[in-house]
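Visitor: One structure follows; several queries about it will come next.
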Amino acid sequence: MNKNALQEEIKRHNELYYRENTQEITDAEYDMLAKKAGIQTVGTAPDRRFLEVEHIVPMLSLDKAHERDEVEEFLKKLLNVHELEIICEPKIDGLSFSAIYEDGRLVKAATRGDGHYGEDVTKNAATIEGLTKVLPDVKGRLEVRGEVYLRNDDFLKLNKDNQFSNPRNTASGSLRQLDPEITASRPLRYFAYSLIGGAEKTQFEVLNKLKELGFCVNEHQCLAKNVDEMLKFYNRIYDNRHELGYDIDGVVYKINNLELQDRLGSTNKAPRGAIAHKFPAAYGKTKIEKILVQVGRTGQLTPIAQLVPINIGGVVVTRANLYNQDEIERKDVREGDVVVVQRAGDVIPKIVEVDKNARSPNVPKFIFPNTCPECESEVQIEEAAIRCSNEFTCKAQIIEKLKHFVSKEAFDITGFGDKQIEFFYDLGLIRKISDIFALEEKLKNFNLSKQEGWGEKLISNLLNSINSRKTITLDRFISSLGIQYVGPHVAKLLAKHYGSYENWYSADEEELMSIIGVGEKIIDSLISFFSEKDNVEMVKNLASQLKIEPVSANVSNSIFSGKTVVFTGKLLTRERKEAQAEVESLGGIVSSGVSNKTDFFVVGEKPGSKLEKAKKLGVKILTEEKFNKLILGEE
Ligand code: IVH
């Protein structure tokens with residue numbers, strides 16, 4: 001490829017990575033291309049769908065090192081400096097953000113974009129849990145930079161339908177949404193690592209200051225004096241990276257002294273006083289024995305490659321995710337192919353490349369089944385997903401729903417795993433969710449201890465643990481139902497909003513729309529779930545067997561705890577959604593309509609007609625100023 005073609009190719013990969021939140025090649029392959037072309041790029045121009053934000057201090061990239069000698073080279077260049085102190089931090093595999101505070105209020109948040117202009121994602125960033133919106137006692141301008149990411153367990157929960165490729169791309173796609181509600185429904189997190197506008201003299205002090213201000217700062221860091229100490233940190237974090245729970249792709253070494261960093265300046269791409277020491281990618285080459293098609297809880301068919309087992313970076317990999325039919329076609333994956341497999345974090349390995357030269361001639365293309373491999377029902381095509389249409393009688397779907405129901409993130413019934421579900425299903429004792437709580441009754445007429453492996457003790461333990469879960473919190477109850485897009489995070493939002501099972505059960509669409517973090521997709525899914533009479537019956541049946549407890553608010557002594565609050569008009573000191581979120585975080589319920597159930601009515605500028613109604617009903621009316629004081633617990 002000539003240099004121009006290479007540059008075009010790199011541009012295309014940049015757009016895919018930064019704009020579409022996807023990638024066709026691995027990071028390592030990208031780095032090789034960039035090296036070949038000798039180009040220096042930082043991200044890609046901001047997407048025109050967003051407003052632009054100019055970065056007063058450019059958001060640069062970092063030079064990379066892969067081997068010890070490259071780290072030594074970096075230090076050598078700085079050698080005229082005595083007693084160099086280097087701070088080592090994990091390199092979080094997410095996307096960078098900048099958050100600007102004026103007089104202690106978050107006024108703007110942006111992505112990196114091309115380093116000079118980023119995308120305005122203020123409303124989206126404001127939904128990130130733990131990203132402080134108010135910094136008490138801070139005057140003037142302060143800019144905080146860091147990395148937004150998704151934890152691997154959150155990614156797996158979010159990605160039950162295999163619609164996303166990896167945590168980084170999902171985090172990026174989630175922050176760069178036009179609808180902040182979608183961002184709010186994704187459990188994004190962040191780590192802050194830089195501060196512009198502070199008085200700190202070292203990066204170490206910056207990290208401490210960020211912590212003091214209430215930002216999330218990564219707990220791993222070390223001050224090193226030489227290359228051995230730096231590599232000791234690198235190796236330690238490399239060996240333990242699987243325990244972190246989120247992906248990191250290397251370590252960043254930075255000169256601790258900020259004045260020195262400043263003096264060294266930067267090239268047009270990267271600062272001279274810092275470098276990223278990247279981890280080697282965990283790849284392996286193996287063969288696909290067979291392509292299996294699994295049926296998930298919501299009926300989605302997922303192709304999985306069964307591999308000749310291979311050890312990649314210390315973990316034996318036997319399966320890789322092929323996501324969906326489009327992915328198989330795009331990569332042209334066939335049974336018997338030799339493939340490159342990548343393992344990243346806890347996420348199920350994926351196939352990055354097919355070695356087409358190793359394919360024997362006449363190997364047929366893989367044909368995606370047009371009936372459910374379990375129950376042979378017709379499949380339905382929904383965007384990229386293909387689903388079995390037989391929601392209530394397909395054995396695979398029923399079993400997956402049951403497994404989900406007893407799993408740790410749902411009812412968490414100890415001693416009730418996948419095996420037991422399959423066992424009771426085959427015996428005909430558990431065929432629907434409510435059968436779980438009727439098991440004790442059913443066993444009175446069934447001699448289980450005759451079955452292999454089931455002693456009296458085991459049976460009584462299992463029944464005890466089922467009984468112990470007959471009291472359950474509302475959020476767990478909701479997330480256990482296996483409603484598409486209603487995982488633990490959304491279930492918590494719903495449970496907090498409605499407070500009790502009865503309130504939630506009689507929810508209407510309008511009220512659902514007023515909940516921050518509950519968007520159209522979720523509402524459609526709830527409506528379609530409850531439009532099936534089998535589901536309505538299942539929920540009612542379950543509720544009659546259980547004691548469903550309201551979710552306790554985290555600040556029960558707040559004046560808003562358990563109270564219903566309605567807003568009208570424009571607030572001057574903050575966004576309406578932010579105020580609503582604060583009420584909810586104090587255990588209050590935000591509603592859009594005034595009724596005699598309303599406890600507080602907050603009035604902003606140009607109030608609507610609701611004000612008259614509130615006055616008539618004698619609801620307690622709060623000015624914005626009064627509301628702010630109550631929120632802070634000052635009155
Ligand atoms: S310092 C000049 N510290 O890595 C940029 N960056 O390849 C200095 N990153 O754009 C950033 N963890 O998105 C820094 N602890 C960390 C980091 C980190 C992840 C990202 C960041 C940056 C990219 C550079």
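Visitor: Using per-residue counts of other Cβ atoms within 10 Å, averaged over each peptide, order 349-357, 94-102, 270-278 from highest down.
Guide: The peptides rank, most packed first, as 94-102, 270-278, 349-357.
Visitor: In terms of the Cα gyration tensor, with a ≥ b ≥ c the square roots of its eigenvalues, is the stretch 57-167 rounded because a/c is under 1.5, prolate because a/b exceeds b/c, or oblate?
Guide: Oblate shape, in that a/c is at least 1.5 and b/c is the bigger or equal ratio.
Visitor: Now a separate question. With charges set only on the Cβ (+1 for Lys and Arg, -1 for Asp and Glu), what does the dipole of the chain come to about its Cα centre, in debye to the nearest 20?
Guide: Charge dipole, the chain, about its Cα centre: 480 debye, nearest 20.
Visitor: Here's something else I'd like to know. Can you compute 3J(HN,Hα) from phi for each residue in the stretch 441-451, using the Karplus curve 6.51 cos²θ - 1.76 cosθ + 1.60 with θ = phi - 60°, rounded to whole Hz and x for Gly and Pro?
Guide: 3J(HN,Hα) across the stretch 441-451, in whole Hz: 4, 5, 6, 5, 10, 9, 8, 6, 5, 6, 6.
Visitor: When ranked by the protection proxy of mean other Cβ atoms within 10 Å per residue, highest first, what sequence do the peptides 301-309, 476-484 form?
Guide: Result, highest mean first: 476-484, 301-309.
Visitor: Rounded if a/c is under 1.5, else prolate if a/b is larger than b/c, else oblate: which is the chain, with a ≥ b ≥ c the root eigenvalues of its Cα gyration tensor?
Guide: Because a/c hits 1.5 or more and a/b fails to exceed b/c, the chain counts as oblate.
Visitor: Nothing charged except the Cβ atoms of Lys and Arg (+1) and of Asp and Glu (-1): what's the magnitude of the dipole of the stretch 241-388 about its Cα centre? Round to the nearest 20 debye.
Guide: Dipole size: approximately 660 debye.
Visitor: Stretch residue 418-residue 262 to full length: gain in nm at 0.36 nm per residue minus the Cα-Cα span?
Guide: So the chain would gain 50.5 nm between residue 418 and residue 262.
Visitor: With N residues in the stretch 127-210, what two-decimal value do you get for its Cα radius of gyration over 2.2 N^0.38 Å? All intermediate terms of the calculation are to be shown ahead of the outcome.
Guide: Numbers: Rg = 15.4 Å, N = 84, 2.2 N^0.38 = 11.8 Å.
Here the Cα radius of gyration is 1.30 times the empirical estimate.
Visitor: Direction-averaged shadow area of the convex hull around the Cα atoms of the stretch 484-618, nm²?
Guide: 9.2
Visitor: Apply the a/c threshold of 1.5 to the C-alpha gyration tensor of the stretch 185-276 and tell me whether it is rounded, prolate or oblate.
Guide: Oblate shape, in that a/c is at least 1.5 and b/c is the bigger or equal ratio.
Visitor: Once you put a point 7 Å from the Cα of residue 306 and another 7 Å from the Cα of residue 72, both along the Cβ direction, what distance in nm separates them?
Guide: Placing both labels 7 Å along Cα→Cβ, they lie 4.9 nm apart.
Visitor: Determine the dipole magnitude for the stretch 427-569: charges of +1 sit on the beta-carbon of Lys and Arg, -1 on that of Asp and Glu, nothing else is charged, the reference point is the Cα centre, and the result goes in debye to the nearest 20.
Guide: Values: 16 positive and 17 negative charges, 126 e Å.
The dipole of the stretch 427-569 has a size of about 600 debye.
Visitor: Additional query: List, in order, the whole-Hz ³J(HN,Hα) value for each residue of the stretch 468-475 obtained from phi through the Karplus relation with A = 6.51, B = -1.76, C = 1.60 and θ = phi - 60°; use x for Gly and Pro.
Guide: 5, 9, 6, 9, 9, 7, 4, 5
Visitor: If neighbour count is taken as other Cβ atoms inside 10 Å, put 538, 230, 59, 513 in order from fewest to most.
Guide: 513, 538, 59, 230
Visitor: Using per-residue counts of other Cβ atoms within 10 Å, averaged over each peptide, order 64-75, 454-465, 583-594, 389-400 from highest down.
Guide: Numbers: 64-75: 15.3, 454-465: 13.4, 583-594: 20.5, 389-400: 18.2.
In descending order of packing, they fall as 583-594, 389-400, 64-75, 454-465.
Visitor: I would also like to ask the following. Based on DSSP H runs of at least 4 residues, each adding -39500 (n - 2.57), what is the mean residue ellipticity at 222 nm of the chain after dividing by all its residues, to the nearest 500 deg cm²/dmol?
Guide: That calculation yields -9500 deg cm²/dmol at 222 nm.
Visitor: Which FRET efficiency value, to the nearest 0.05, is calculated for residue 549 and residue 525 with the Förster distance at 30 angstrom and r the Cβ-Cβ distance?
Guide: Calculated value: 0.75.
Visitor: Considering the dipole of the stretch 559-630 built from charges on the beta carbon (Lys and Arg +1, Asp and Glu -1) around the Cα centre, which of 618, 581, 571 is farthest to its positive end?
Guide: Looking along the dipole axis, the top candidate is 618.
Visitor: Name the residue farthest towards the positive end of the dipole of the stretch 163-235 from the options 202, 170, 223, assuming +1 on Cβ of Lys and Arg, -1 on Cβ of Asp and Glu, about the Cα centre.
Guide: It is 170, whose Cα lies furthest towards the positive end.
Visitor: Follow-up. Taking the Cα centre of the chain as the origin and placing charges on Cβ (Lys, Arg +1; Asp, Glu -1), which of 273, 410, 242 is farthest toward the positive end of the dipole?
Guide: 410
Where a number appears in this text, it was derived from the coordinates with a stated rule and is not lab data. All of these numbers come straight from a predicted model, not from anything done at the bench. As a convention, Cβ positions derive from the backbone with ideal geometry for all residues, glycine included, and neighbour counts pool all protein chains shown.
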